Amino acid sequence: MTKDAQALVFVVDDDEAVRSSTKLLLKSVGLPAVTFASAQEFLDNYDPQQPGCVVLDVRMPLMSGLELQQLLNMRGAIIPVIFITGHGDIPMAVEAMQHGAFDFLQKPFRDQDLLDRVQKALEKDRVNRAQLREKARIRERRDSLTPREREILELMTRGKPNKVMAADLGVSQRTVEIHRARVMEKMGATSLAQLVRMVMDLDQSRDTGSSFRELAR
Amino acid sequence: MNTPAKPAPPVESPTPEELLALLQRLTHVSRLATMGEMAAGIAHELNQPLTAIASYAQACDWLLARGSTDTAEIRDALQQITAQGLRAGEIIRRLRNLVRTPDTARVETDVNELIEELKGLALTDARAHNVRLTLELAPALPRIVVNRVEIQQVVLNLVRNAVEALESVPPERRDVVLRSEPGPDSNVEVAVIDSGPGVDPAIVDRLFSPFVTTKATGAGLGLAISRSIVEAHKGTLRYRPAGAGGACFVLRLPHAQGGA
C-alpha cells in the first residue's frame, strides 16, 4: 500500500444530476471524486486499499444504501460512509448511524455541510489507515522473531526480571540478555515501555482483525 | 365527543362486492387515500433537482472564487442548473395536473350522495384503526356543482387525517364525526370532527401551507392540496378546535346557483 495514495471521495447516487453536481462541487474545492450510479457498481470497483470516504444515497433502487453499508461492514471495510437522505428518511438515517455510518446529511444539503463532513471523514480514514499500517508493521516485526525470542518477548511484557526468565527457561542470564537485546532491536523499540505498548496495541487489534487483514493483505 | 357513554351506532359493513365496486368507481379516490404517500414521493423527487442546483451553483461560486478560467466547465454547470430548474418545474406541473381537472368535469350533485359513496372506504379505514366513525347527514341540502372525485378526495383525506390523529387516544375514546349541514347563504358545509388532541397551536397558522406536517412520515401536502382543490371550487377549507379538544375541519361549498 502506498502511503501517499490520493484520497478519493466515492459518490454513490442513482440520480445523474445529483451525482455529477456533487462531483463538481467536490472538485471545485480540490477534492477528487469518483461517481457510481448504483451500489453494485461501487462494490464491483471497490478497492479496500484505496483511501477516501463514501457519500452514499440511502434510497436507491435494487440495492439501497443501507444494504451496501451492511455488505461493506461484512467485508470489514473501514472506509467512512456519509449517508445522504431525503425528506422523511430519518428512521433510515438512524439505522445507518447505528450500523457505524460516519454521518448523514439531508437533501438538499448546504454545500459547506457536505464539504465539512467529507473533510472530517477523510481525516478519520487517514488516521484509521495510519494506525492499521503501524500495527501491520509491528506485527511483521513480531513475526520475524525466533520462537525463543518470542518466549522472551512474552516474559518481558509480563515484567519478569532477567534472573527469573533465565530460571524459567533454563538458560544463563547472559543468554537472556542477548535475546532481550535482539528482541528490542528487531521490534524497533527503544524502551521496555514502548515495547509493552506495541504488544498491547497488537492484542487490541484482534478485535478489528478483519479490518487489519483487509489492509495487510 | 360529547356523548362518550353512548355506544357507537352499529355500522353496516360493506360486502366485498360493494367494496370492490366502490374501489373501481373511485380509482382516483383510492389514489387519494394515499395522497400523503404520493406527496412524499413527489417531495423526494423534487429534492433531487434542488440538491443538484444547489451543488452546481456552489461549485460555480467556488470555481470563480479560485480564479478558474475553465469557462466551459462553468458554463456546463450553469446549463445544468437551468436543466434542473426545468426538471423541478416539470415535477410541479405534474403535481398540478394531479389536482386540477377541467371545469367540465364538474356536475351538479348532492353532497350526501358523495359522502354515501365514500362511506365504505372511510369506514374500512376507521375500523382498521379502531375508530368509531359516525355520519350525521342533514337532509335536503342545496345541491352543489363539483368535480365529484376531487371533493371526495378532500373529504377522505380529512377523514384519514382525523383517524390518524387518534393514534394517541385510547381506543374507547376514538371518535370521528363526518357531518353535512347547511351553511350561511345557502352554502353547504361538510365537517370532519375528531376526539384527538387537536392541532398544535404552534402550527395552526401554517396548517394549510405545503410541507407542514405533524406526521413522522407525512410530506405535509395533503391539506395544501385539499385547500387548493376546494378554492378552485370557490369554496373554503378551514380549521377550528373542536369543543372537546379535538380538531374540526370545515369544508364549505357554494350551492349550485351561487358557484361558478
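Please treat every number below as a calculation from the coordinates, not as lab data. The structure presented is a predicted model; accordingly, all values stated were derived computationally and were not measured. Quick reminder, even Gly has a Cβ in these numbers, built from the backbone with ideal geometry, and neighbours come from all protein chains shown.
Add +1 for every Lys or Arg and -1 for every Asp or Glu among the other residues with Cβ under 14 Å from the Cβ of A:Gln173, and state the total. Value of the local net charge: +2. State which entries of A:Lys23/A:Lys135; A:Lys23/A:Lys124; A:Lys124/A:Lys186; A:Lys120/A:Lys186; A:Lys27/A:Lys107 exceed 25 angstrom in Cα-Cα distance in the structure shown. Table pairs above 25 Å Cα-Cα are A:Lys23/A:Lys135; A:Lys124/A:Lys186; A:Lys120/A:Lys186.
Computed from backbone phi, the HN-Hα couplings of region B:53-66 come to 4, 4, 5, 4, 4, 5, 4, 4, 4, 4, 4, 5, 4, 8 Hz, rounded to whole numbers (Karplus: 6.51 cos²θ - 1.76 cosθ + 1.60, θ = phi - 60°; Gly and Pro given as x).
Near the amide H of B:Ala247, within less than 5 Å, lie the amide hydrogens of B:Asp194, B:Gly196, B:Gly198, B:Ala242, all on another chain or at least 5 residues away, with H placed in the peptide plane. Here the gap between A:Lys124 and A:Gln6, fully extended at 0.36 nm per residue and compared with their Cα-Cα distance, gives a gain of 41.0 nm. Taking amide H as placed 1.01 Å from N in the peptide plane, A:Leu8 has its amide H under 5 Å from the amide H of A:Gly52, A:Cys53, each at least 5 places away in sequence or on another chain. Projecting the alpha carbon convex hull of region A:1-53 along each direction and taking the average yields 3.7 nm². Between A:Ile90 and B:Asp185, the FRET efficiency from the beta-carbon distance, with R0 = 41 Å, is close to 0.35.
Annotation: extensible slack from B:Glu116 through B:Ser168 equals 15.9 nm (criterion: 0.36 nm per residue apart, minus Cα-Cα distance). In region A:147-187 the Cα-Cα distances spread across 5 Å bins starting at 0 as 6, 28, 42, 21, 4 percent of all pairs.
Here r is the Cβ-Cβ distance between A:Ser172 and A:Leu192 and R0 is 22 Å; the resulting FRET efficiency, rounded to 0.05, is 0.60. May I ask for the net charge around A:Arg117, where only other residues with Cβ less than 13 Å from the Cβ of A:Arg117 are counted and Lys, Arg are +1 while Asp, Glu are -1? Result for the local shell: -3.
D by Stokes-Einstein for region A:102-201, Kirkwood Rh over Cα pairs, 25 °C, 0.890 mPa s: 150 µm²/s. Ellipsoid fit via the Cα gyration tensor, region A:1-109: semi-axes of 20, 17, 13 Å, each the root of five times an eigenvalue, largest first. Anisotropy class assigned to chain A is prolate, per the alpha carbon gyration tensor with a/c at or over the 1.5 cut-off and a/b larger than b/c.
Once backbone amide H atoms are built at 1.01 Å from N, A:Met63 has A:Ala39, A:Gln40 as its partners under 5 Å, excluding neighbours fewer than 5 places away on the same chain.
Counting only other chain Cβ atoms within 10 Å of each residue's Cβ, the peptide A:102-112 averages 3.
Once R0 is set to 51 Å, what does the formula 1/(1 + (r/R0)^6) return for the Cβ-Cβ distance between B:Arg66 and B:Val204, expressed as a FRET efficiency to the nearest 0.05? Efficiency, rounded to the nearest 0.05: 0.60. Remark: region B:200-205, residue by residue, has Karplus-estimated 3J(HN,Hα) of 3, x, 5, 10, 3, 5 Hz, where x stands for each Gly or Pro and the curve is 6.51 cos²θ - 1.76 cosθ + 1.60 at θ = phi - 60°.
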